[in-house]
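Novice: Dumping the structure here so I can ask a few things about it.
A short reminder: the numbers here are calculations on the coordinates, not readings from a lab. Predicted model only: the values in this text are computed from it and were never measured. Note: ideal-geometry Cβ built from the backbone for every residue, glycine included; neighbour counts use all protein chains shown.
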Ligand SMILES: Cc1cc2nc3c(=O)[nH]c(=O)nc-3n(C[C@H](O)[C@H](O)[C@H](O)COP(=O)(O)O)c2cc1C
């Protein structure tokens, strides 16, 4: 089949996300205006470079402005926490659109830990957290009524790795059971990994 997204796909469900999969999940803690901590998952998320390390996430597809993007812009910082199999339910709980004043961290049964270079705390149970300084935003042109179709970029200025997540000095996403987002309601656990060196590189 061929379809033009603007004209519709004619399928029971939009297949787009299932065809850009797996996507890493950015799980962000940010500070609300009143100083409480917000958490939310975003799978339009990735690293775009490592010198310096930069990540971005895309906030949109909603009739309301989302907290993570608003806070990351207002505060100039955000924290990404890696999602593992053990944290899947808590991550999902933080995607719920709750009324103002409801503590999403408590709702998800999470504990926080302090960061070193930013005021925003990290999720204690996550094996990896990136302390990020918001560097750029980019509005995505849109047809609909979305309030915040926005890319937010952040430089990773500090990285926490749990001691037991490093084996022989390496971080292994398969051993940590990192999860990723597919399409529909589907997820993947990192597995079936294999090694292949670039032709000109030695290990
Ligand atoms: C795994 C997962 C990935 C998601 N990815 C995105 C995304 O990339 N962009 C987005 O706008 N919403 C995404 N959502 C929905 C948001 O998490 C949801 O709107 C949430 O309420 C936003 O929280 P916040 O307002 O506290 O930032 C995702 C939800 C889940 C469960």
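Novice: Using C-alpha positions alone, give me the convex hull volume of the stretch 121-170 per residue in cubic angstrom. Numbers along the way, then the final one.
Specialist: On the way: hull volume 6.5 nm³, N = 50.
Dividing the Cα hull volume of the stretch 121-170 by its residue count gives 129 Å³.
Novice: Give the distance, in whole Å, between the Cα centre of the stretch 1-34 and the Cα centre of the stretch 63-129.
Specialist: 20
Novice: Quick one: 7, 177, fewest Cβ neighbours within 10 Å first, how do they rank? Working shown, then result.
Specialist: Details: 7 7, 177 16.
Sorted ascending by nearby Cβ count, the order is 7, 177.
Novice: Among 130, 194, 57, which comes first, then next, by fewest other beta-carbon atoms within 10 Å?
Specialist: Ascending number of Cβ neighbours within 10 Å: 194, 130, 57.
Novice: Further question: Counting pairs of Cα atoms in the stretch 1-50, how many percent are more than 15 Å apart?
Specialist: Details: 805 of 1225 pairs.
Tail of the P(r) past 15 Å holds 66 percent of the pairs.
Novice: May I pose another question? Below 8 Å between Cα atoms, with a sequence gap of 6+, how large is the relative contact order for the stretch 26-189 in percent? Before the final figure, lay out the partial values.
Specialist: Working: 349 pairs, mean separation 42.4, N = 164.
In percent, rounded to a whole number, it is 26.
Novice: Right, here's the next one. Whole-Å semi-axes of the chain's equivalent ellipsoid, largest first, each the root of 5 times a Cα gyration tensor eigenvalue? Let's see the in-between values first.
Specialist: Values: eigenvalues 135, 120, 61 Å².
Each semi-axis is the square root of five times an eigenvalue, giving 26, 24, 17 Å.
Novice: Would you kindly calculate the translational diffusion coefficient of the stretch 59-140, applying Stokes-Einstein with the Kirkwood radius from alpha carbon pairs, for 20 °C and a viscosity of 1.002 mPa s, and quote it in µm² s⁻¹ without decimals? Intermediate results must be reported in sequence, preceding the final value.
Specialist: Details: Rh = 13.9 Å.
D, rounded to a whole number, is 154 µm²/s.
Novice: Three principal axis extents, largest first, for the C-alpha atoms of the stretch 60-108, in Å?
Specialist: Cα extents, longest axis first: 31, 23, 22 Å.
Novice: A follow-up question, please. Starting at 0 and stepping by 10 Å, how many percent of the alpha carbon pairs of the stretch 110-203 end up in each bin?
Specialist: Answer for the stretch 110-203: a P(r) of 12, 25, 36, 22, 4, 0 percent.
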